[in-house]
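The values are calculated or read from the model by the stated rules, or taken from the named source; none is laboratory data. These numbers come from a predicted model, not from an experiment. Using ideal geometry, Cβ is built from the backbone for each residue, glycine included, and neighbour counts are taken over all protein chains shown.
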Amino acid sequence: MNIVILSRNSKLYSTSRLVEAARERGHEVRVIDPLRCYMNISSHRPEIHYKGEMLEKVDAVIPRIGASITFYGTAVVRQFEMMGTFSLNESVAISRSRDKLRSLQLLSRKGIGLPVTGFGYSPDDNLDLINLVGGAPLVIKLLEGTQGKGVVLAETNKAAESVIDAFRGLRAYFLTQEFIKEAGGSDIRCFVVGEKVVASMMRQAKEGEFRSNVHRGGVARAIKITPEERSTAVRAAKILGLNVAGVDIMRSNHGPVVLEVNSSPGLEGIETSTGKDIAGTIVGFIEKSGRAGKTRTRGRG
Ligand code: ADP
């Protein structure tokens, strides 16, 4: 097959592993910077150009779109879909997963376990938003944060009020959330490919930190998950419409709760901690499902 990986940097671990896996399986593969793609949006003849060349006969694209370029990146993916190219994750699904609030609403609608979460607008409702999630200790999260930035643990209601005042002062939207203390600073990354959890790892926050992000010093190891966790992860990816997803789950005293669903999950942590060939599994999935014209939305929605 003729495969394009949309990524800003071919040297990144995930990108280079996908290139390697595709070549090993005998495919033509190219890494293309989505920000250097430009498009002709004329009726019936959608085109994508890259550094002066028109891209043709691409069977499948693998979007690796960073959070900071979601708007432009998803427009490029949508253009490929309009041309009938199969996208590993479709543009609508990527956009949904990038909106934390919208994803939580979609998941709650289908009964997926979530931490009790509050969202509000008026400063008059600050106290209610704190009480709604059970009061301190509670977590306050900026809607726009990634890699644990903008995720704050407020140990008292007073501290929570101050953080909320500060966020409102910056005109930033935030969520209040029940603190899942019983997870002891750990969460589970379930790597979903095509309705299966193909690998899972537990990330443990470093001493004195509640956020388990690897960027914040968390360490990862392979873990066996329960059938309930497995089905929660698979359902969460499906609800958002993602073929490939990193579903982050915490073990709470009311069962598994989903923290977030990532549409460009990194391969390094999961391949290193589990020893599995996830890049190969992804390319295998594309071989099975990624024929041209197979894109569900064809750029709609
Ligand atoms: P980001 O998208 O920035 O990684 P997350 O919502 O995933 O933000 O939060 C970052 C980390 O903080 C999580 O991996 C988890 O370890 C911790 N965390 C987030 N929400 C909660 C919560 N409600 N209770 C306990 N820990 C949490």
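Rundown of residues vs (1) among the β-branched types (Val, Ile, Thr); (2) surrounded by fewer than 20 Cβ atoms within 10 Å (Cβ to Cβ); (3) over 22 Å from the mean Cα position of the chain (by Cα), yes/no style:
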{"residue": "LEU6", "(1), (2), (3)": "no, no, no"}
{"residue": "ILE32", "(1), (2), (3)": "yes, no, no"}
{"residue": "TYR38", "(1), (2), (3)": "no, yes, yes"}
{"residue": "ALA67", "(1), (2), (3)": "no, yes, no"}
{"residue": "THR70", "(1), (2), (3)": "yes, yes, no"}
{"residue": "THR74", "(1), (2), (3)": "yes, no, no"}
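Just one of (1) more than 12 Å from the ligand (Cβ to nearest atom); (2) more than 19 Å from the chain's Cα centre (by Cα) fails for VAL193. It is (2). The residues of region 18-77 that are under 17 Å from SER264 (Cβ atoms), free of Cβ contacts under 8 Å to residues at least 60 places away in the same chain and part of a helix (DSSP H, G or I), listed by number, are VAL19, PRO34, LEU35, SER68, THR70, PHE71, TYR72, THR74, ALA75. Out of curiosity, is LEU143 crowded, with 20+ Cβ neighbours inside 10 Å and within 20 Å of the chain's Cα centre (by Cα)? So LEU143 fails the test. If you scan region 248-294, which residues turn out to be part of a loop (DSSP other than H, G, I, E, B), in contact with a strand residue (DSSP E or B) (Cβ under 8 Å, 6 or more places away or on another chain) and surrounded by 19 or more Cβ atoms within 10 Å (Cβ to Cβ)? Within region 248-294, SER263, SER264, PRO265, GLY290 qualify.
Applying the set (1) aromatic (Phe, Trp, Tyr); (2) closer than 29 Å to VAL61 by Cβ; (3) more than 21 Å from the chain's Cα centre (by Cα) to PHE167 leaves exactly one unmet item: (2). The single residue among LEU114, LEU153, LEU143 that is at pLDDT below 95 and within 11 Å of the ligand (Cβ to nearest atom) turns out to be LEU143. Among the criteria (1) in contact (Cβ under 8 Å) with a residue 24 or more places away in the chain; (2) part of a loop (DSSP other than H, G, I, E, B); (3) touching a Ser or Thr at 6+ places or on another chain (Cβ under 7 Å), the one SER95 does not fulfil is (2).
Condition check ((1) touching a residue at least 24 places away in the same chain (Cβ under 8 Å); (2) more than 19 Å from the chain's Cα centre (by Cα); (3) farther than 20 Å from SER91 by Cα) across all residues:
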position	(1), (2), (3)
ARG211	yes, no, yes
VAL214	yes, no, yes
ALA236	yes, no, no
VAL244	yes, no, no
HIS254	yes, yes, yes
VAL261	yes, no, no
ILE278	yes, no, yes
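Yes/no matrix, rows are residues, columns are (1) among the β-branched types (Val, Ile, Thr); (2) touching a Cys at 6+ places or on another chain (Cβ under 9 Å); (3) within 12 Å of CYS190 (Cα to Cα); (4) within 15 Å of the ligand (Cβ to nearest atom):
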position	(1), (2), (3), (4)
VAL219	yes, no, no, yes
ARG230	no, yes, yes, no
VAL234	yes, yes, yes, no
LYS238	no, no, no, no
VAL247	yes, yes, yes, yes
SER252	no, no, no, yes
GLY266	no, no, yes, yes
ILE270	yes, no, yes, yes
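Looking across region 117-140 at every residue that is among the aliphatic types (A, V, I, L, M) and within 10 Å of the ligand (Cβ to nearest atom), the one that is surrounded by the most Cβ atoms within 10 Å (Cβ to Cβ) is identified as LEU138.
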